[in-house]
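What follows is a single structure, written as structure tokens, with notes after it.
Just so it is clear, none of the values below were taken in a lab; they were calculated from the coordinates. Here the structure is a predicted model, which means the values were calculated and not measured. Glycine gets a Cβ as well: all are built from the backbone with ideal geometry, and neighbour counts include every protein chain shown.
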Amino acid sequence: MLKYRTVVAIGVLTVVLRPALVAAQETPLSEILVKLIQADIRLAGQPAGSPFPSHDAHFIPGEQEQLVPYLFNQAILSQLTTFPVGSSSGGFSYTFDPSAGVFARNTTSFGPAFAERALTIGRGKASLGGNYQHAGFDSFEGKNLDDGSIKFYLTHEDVGGQFFEGDIIETSLHLRLNTDTVSLFADYGITNRLDVGVALPIISVDMEASVDAEVLRLSTGDVPPTSGIHVFPNGTSQDTISESGSASGIGDLLLRAKYRFYDLPGGGLAAGLDLRLPTGDADNLLGSGVAQTKLLFIASGSYHKFAPHINFGYTFSGESDSPFFSVSDEFSYALGTEFEANPKLTLIADLVGRSLIDNGRLEEQDRTFTYRSAAGVTGSVTKPEFALAPGALNLTILAAGLKYNLMGSLLVSANVLIPLTKSGIRDTVTPVIGVDYAF
């Protein structure tokens, strides 16, 4: 909790105290939600002839109001910048027979799409490929992102125990978040047992966010003179504030190596190493801003028309210098199988799990606000609001699809990613299409 509070405080001060952005400069995407909820909501200044002081900046968020919107932003960004890009391993696997001077295929299936198999491509063999995926995120922790059901609350700062401090501002979030990612892959066989590969994602992110803000007049009431104490610049108790932005560019470059150290029919045991380099623009959600190292254990085999595989991995993440989000270590796994429907068609199904360690999860909890009216009447109201639940953020998706041998050593693929948990930010269905060519 201390880690979160420290980073939150830095982030909020950065947003609230930074110089105003010039008109031609967009707010970086990683700052939009924090700025929208914590810095953009301001009331009208003191009206002419009012006996009350100006309240335009009295709802600057306190410690708890800083923490919840920040953690919501953190949960979104940590998933968005580490979204799986797929396997770079080629769909064809060969072994070179030096005595015969020819290559022989190791298996008749074409490999998984979002997991790894122990088979390598073969000495001197290479593959090139890529895929495209579109994600339109529509829910967070089971709540719709665009219907205002996600709410945050701002309380009045302490100005000496005045009655009007009991008013609160309720903000209802509307968020549209889309990503389009083209991932380019290359894989090369150094030996029959050792492959090296590279994956480069090219990402486009589009974000539109707004909050419907409403002064809940717990203390001031709806009639003059106290009804004029807390109003927005439009002269009412309600206002809508919006922020939007988009960004495109390269993501984090991924360097990969896989070594098969034990042979089994149609597979074996292998170890993998992935290095994710922070080449993407972290400020605009194109990358994580940190280096990551993933160690991977891979087991696979072949039994009749089935080729099952299982992966276990652990990712070590560096420290982020961004005040708006951090990236945690991660435990991951994949369990699935390929099925050779016919010599040209392989069907694939995988269960892919991720556990973002110490990332924390937001859960709705009741929050009680107390108030006192101008007449001295006291009371309280209870509202549900997200609060931090420490621990890991656990995510599970089903990856299902097919690979088809169009001609020669050219494969085309189509997959869907379907989340099986309500944790974090979700896209109901993420389609992925790809090509792969071996030579």
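Kindly provide the helix-only [θ] at 222 nm of the chain, computed as the sum of -39,500 (n - 2.57) over DSSP H runs of four or more divided by all residues, to the nearest 500 deg cm²/dmol?
Using -39500 (n - 2.57) per qualifying helix, the result is -3000 deg cm²/dmol.
Starting from the Cα of Lys258, draw a straight line to each of the lysines and keep only those under 20 Å, dropping any in the same chain fewer than 8 residues away.
Here the lysines satisfying the reach criterion relative to Lys258 are Lys125, Lys294.
In what order do Tyr303, Tyr70 fall by count of nearby beta-carbon atoms within 10 Å, going from fewest to most? Don't skip to the end; give the middle numbers.
Working: Tyr303 11, Tyr70 27.
Listing Tyr303, Tyr70 from fewest to most nearby Cβ atoms yields Tyr303, Tyr70.
For the chain, modelled as a GNM with alpha-carbon contacts under 10 angstrom, which of His304, His230, His174 fluctuates the most?
Largest GNM mean-square fluctuation: His304.
What's the longest bit of the chain with no exposed GluC sites (Glu not before Pro), using DSSP loop states and at most 15 other Cβ atoms within 10 Å as the test? Each step should come with its number before you reach the end.
Numbers: sites that count: Glu26, Glu157, Glu319.
Counting at most 15 other Cβ atoms within 10 Å as exposed, the longest clean stretch of the chain is 158-318.
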